[in-house]
Amino acid sequence: LRKEQIPLLEQQVKTSRAEAEKIVGQAFDEAIVDARVKYPDFDAVVFNPAATFPKQMVSYVANSEKGADVAYYLGKNPGVARQLAETFAQSQAAGFIELGRIEGKVSAPTSKPASTAPKPPPIIAGGSNPPAFDPAKASVGDMAAHLKKAGVLR
């Protein structure tokens, strides 16, 4: 690299970072719009001045597909948010692990409601004993098979 190229490269890096932040911001804005539909009190909960979020968490939430849900969960559970902030203060890795757990919790599939369909009717099955053999109604072939089974014919 030449010395005259360094400022140009630095400017390109700044521009690229700004574009990336803009794209992430737009994606998060779209997620917020969806969350406002899902949670009517989203703005009051998430943008509450009393709710404190660590700086690292804001980046994680902005980049996550479930970021708006995580932010809403933390806004509704300020004790969890404070504990998360303390975790981030001690160890960033542990903080991100805990954020992953929270994201898994808020994105867990909800259980399906029980069906309201009536129970199926009972299965009607034949008894354990076959019907008795009636020689008067049996054909010649059936009679021969019955006698072979009884050991009379070979």
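Values in this text are rule-based calculations from the coordinates and carry no lab data. All of these numbers come straight from a predicted model, not from anything done at the bench. Note that we place each Cβ from the backbone using ideal geometry, even for glycine, and neighbour counts take in every protein chain shown.
General observations
- Choice from THR87, THR116, THR52 showing the highest fluctuation, given a GNM over the chain with Cα pairs closer than 10 Å: THR116
- Only helical runs count toward this figure. For the chain, summing -39,500 (n - 2.57) over DSSP H runs of n ≥ 4 and dividing by all residues gives -20500 deg cm²/dmol at 222 nm.
- Angle in degrees between helix 78-90 and the longest Cα principal axis of the chain, rounded to the nearest 10: 70 degrees
- Shape index of the range 10-85: Rg/Rh, with Rg the Cα radius of gyration and Rh the Kirkwood radius from the inverse mean 1/r over Cα pairs, equals 1.04.
- Entry note, the range 5-106: relative contact order of 24 percent, from Cα contacts under 8 Å with a spacing of 6+ residues.
- Estimated FRET transfer efficiency when R0 is 22 angstrom, pair ASP41-SER91 (beta carbons, to 0.05): 0.10
- Pairs of lysine residues in the range 5-106 - Cα separation under 26 Å, sequence separation of 8 or more or cross-chain: 15
- Computed from Cα atoms, the angle from the helix 67-76 axis to the main principal axis of the chain rounds to 80 degrees.
- Low-density loop cleavage sites - trypsin sites (Lys or Arg not before Pro) in the range 52-145, where at most 14 other Cβ are within 10 Å (DSSP): LYS137
- Global size of the chain as Cα Rg and Dmax, reported in angstrom: 35.6, 114
- Loop sites in the range 50-126: GluC sites (Glu not before Pro), DSSP, at most 13 other Cβ within 10 Å: GLU65
- Residues VAL58, VAL37, VAL45, VAL70 in ascending order of nearby Cβ atoms (within 10 Å, fewest first): VAL37, VAL58, VAL45, VAL70.
- Using alpha-carbon coordinates, inclination of helix 92-106 to the longest axis of the chain, degrees: 40 degrees
- Cross-link partners of LYS137 among lysines (Cα-Cα below 28 Å; sequence separation of 8 or more within a chain): LYS148, LYS149
- Residue with peak Gaussian network fluctuation, the chain [Cα springs, cutoff 10 Å], from SER59, SER139, SER115: SER139
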